[in-house]
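Accompanying notes for the structure given below.
All of the numbers you see were taken from the coordinates with simple rules; none came from a lab. Since the structure is predicted, the reported quantities are computational estimates derived from the model, not experimental observations. All Cβ positions, even for glycine, are placed from backbone atoms using ideal geometry, and neighbour counts span all protein chains on display.
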Amino acid sequence: MRKIFAAILLGMILFSLCSCVNMATDTSKNNVITYPKAIAFDDFDAEQKLREENPIDDNFIKNINIFSYDTAQALLKGRMDNFNYSPLSLYYALALLGTGADSETQNQIFELLGVSSTKRLSTQCGNLYRLVYTDNEISKLKIANSLWLNENTGFKDIFVSNAAKHFYASTFSIDFSNKDSAEAMAQWISENTNDTLTPDLTVSPDQILSIINTIYFCDEWVDRFNNDLTQEDTFHAESQDVKVDFMNQTFGSYSFVRGENYTRSSLGLKDNGQMVFILPDEGVSLSTLVSSKHSIQALFEDGESQSGEVVWKIPKFEFGTECNLAEKLQTLGITNAFQSDADFSGITDGIAFISTVIQKTHIAIDEKGVEASAFTQIDYCGAALPNGRAEMILNRPFLYAITASNGIMIFVGVCNDPSVCN
């Protein structure tokens with residue numbers, strides 16, 4: 001007996017949950033959610049009103065970032081391949097899962113998420129959702145949640161209604177013994193990630209619920225790269241040198257950070273987010289940098305801030321990744337949810353526990369900007385006088401992240417070989 005609880009992020013996260021007892025109010029009618037109304041790119045008054053109506057606790061933002069750093073540390077350490085991960089997608093999937101848990105099962109989930117109550121988690125997730133949701137002519141950060149419910153299983157009204165109200169989760173009643181259900185789920189994912197993800201899903205007759213979260217992100221650089229300056233050059237991958245196209249740009253007065261064995265700088269995106277790049281010093285491997293001594297949080301937050309000329313040379317890259325997160329989540333403290341005595345009584349009265357957690361992502365950058373998906377602010381007020389120079393010549397393995405305007409990490413990953421497109 002096992003459970004299938006599927007969740008998808010800016011990529012795909014799959015939680016699997018199964019049950020043999022059906023004892024709850026059946027609320028599994030199909031219900032497609034209407035997403036928040038998008039604010040125009042330059043409607044600053046509407047944006048300010050939105051912030052006032054959806055207050056976010058500073059500690060909530062801090063705890064999401066801690067979650068992002070901790071999970072990224074576990075996933076990125078020692079990787080020698082390209083890898084992209086959406087902590088925000090995983091956070092939303094686990095948050096939705098946690099609202100239906102109880103007792104020690106919920107305590108472990110909430111401990112990793114950094115929250116203490118279902119009410120606060122739901123309210124803050126709803127406010128954050130409305131604040132970061134973006135869909136205009138230039139920028140998009142679209143988050144979608146869905147519940148795929150076994151048509152022969154009863155589910156708790158309070159769980160389904162809370163998922164719709166605070167997580168904008170659409171609900172679908174399906175037959176998990178029918179392969180057409182897997183195709184419908186895959187189609188939903190494809191539609192909500194702008195066709196960047198087309199997963200090959202399978203379903204099981206034992207499955208009672210799939211939670212799917214998708215994130216689709218695209219934005220343009222504030223300062224776009226000139227296509228005429230893009231040139232082929234050598235990238236020194238761990239295994240061999242490869243030829244790839246590099247985008248080139250130089251800023252006369254720009255901020256950067258010097259850390260122990262690395263340099264960090266970022267490129268602004270038009271919706272006030274940014275893409276952060278961390279380049280190990282010559283002779284320092286990325287795997288060495290992403291070690292216990294250099295935590296992911298330290299790499300992104302520590303170091304000495306400087307200002308000066310910054311020379312950018314960035315390889316164009318595009319790749320996708322897929323990983324099973326079940327083992328990592330158990331290492332991070334969520335163990336009870338994977339056991340047969342897990343308590344998901346807030347979802348159903350039947351036996352339920354997680355069997356799989358899968359995430360699939362895609363990312364691509366070019367001269368125009370960034371596009372990323374998963375099954376993940378620039379306030380320019382002048383610059384300090386130049387006091388240094390940095391060469392962000394990313395011709396060797398590097399670490400990167402995409403952040404929203406409020407600093408929340410949407411994606412984080414490592415590029416070990418930009419010539420690999422998978």
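Modelled spin labels at E104 and N152, positioned 7 Å past Cα toward Cβ, are 3.2 nm from each other. Considering only alpha-carbon pairs that sit under 8 angstrom and 6 or more positions apart, the relative contact order computed for the stretch 217-370 is 27 percent.
The stretch between D302 and K368 holds 20.8 nm of extra length on full extension. This uses 0.36 nm per residue minus the Cα-Cα distance.
Simple point charges give the picture: +1 on the Cβ of Lys and Arg, -1 on the Cβ of Asp and Glu, and for the chain a dipole about the Cα centre of about 620 debye. Distances between placed amide hydrogens fall under 5 Å for D343 paired with D102, T105, all partners being 5 or more residues away or on another chain.
Globularity index of the stretch 44-171 is 1.16 (Cα radius of gyration / 2.2 N^0.38 Å, N = number of residues). From the Kirkwood radius over Cα pairs of the stretch 225-264, Stokes-Einstein at 20 °C and 1.002 mPa s returns a whole-number translational diffusion coefficient of 169 µm²/s.
What residues have an amide H closer than 5 Å to that of F353, excluding those fewer than 5 places away on the same chain, when H is modeled at 1.01 Å from N in the peptide plane? Under 5 Å from the amide H of F353 lie the amide H atoms of K3, C18, each far enough along the sequence or on another chain. Each residue of the stretch 188-199 was assigned a 3J(HN,Hα) from its phi angle through the Karplus curve 6.51 cos²θ - 1.76 cosθ + 1.60 (θ = phi - 60°); the sequence is 4, 5, 4, 5, 8, 10, 6, 6, 7, 10, 10, x Hz, with glycine and proline shown as x. Each Lys and Arg Cβ is given +1 and each Asp and Glu Cβ -1; about its Cα centre, the stretch 30-128 then shows a dipole of about 240 debye.
Starting from the Cα of T288, move 7 Å in the Cα-to-Cβ direction to define the label point; list residues of the stretch 45-78 whose amide nitrogen is under 15 Å from there. Hits in the stretch 45-78 for T288 at 15 Å: 78. The amide H of Y254, built 1.01 Å from its N in the peptide plane, has G308, E309, V310 as neighbours under 5 Å, considering only residues 5 or more places off or on other chains. Peptides 81-94, 390-403, 214-227 ranked from most to least packed give 81-94, 390-403, 214-227, packing being the mean of other C-beta atoms within 10 angstrom over each peptide's residues.
Can you give me the pair-distance distribution of the chain, C-alpha pairs, 10 Å bins, whole percents? Whole-percent P(r) values from 0 Å outward: 5, 23, 32, 24, 12, 4, 0.
What the Cβ-Cβ distance of Q48 and D223 gives, at R0 = 30 Å and to the nearest 0.05, is a FRET efficiency of 0.70. Over the stretch 93-157, one equal point on each Cα, no solvent: what is log10 I(q)/I(0) by the Debye formula at q = 0.21 Å⁻¹? Evaluating at q = 0.21 Å⁻¹ gives log10 I(q)/I(0) of -0.95. The label point for I61 and the one for Q187, both projected 7 Å from the Cα toward the Cβ, are 4.1 nm apart.
Each principal axis of the Cα atoms in the stretch 175-257 has its own extent, and those three values, largest first, are 59, 33, 28 angstrom. Across the stretch 54-95, the volume of the C-alpha convex hull divided among the residues equals 75 Å³ per residue.
With contacts taken as Cα pairs under 8 Å at a separation of at least 6 residues, the stretch 105-240 carries a relative contact order of 27 percent.
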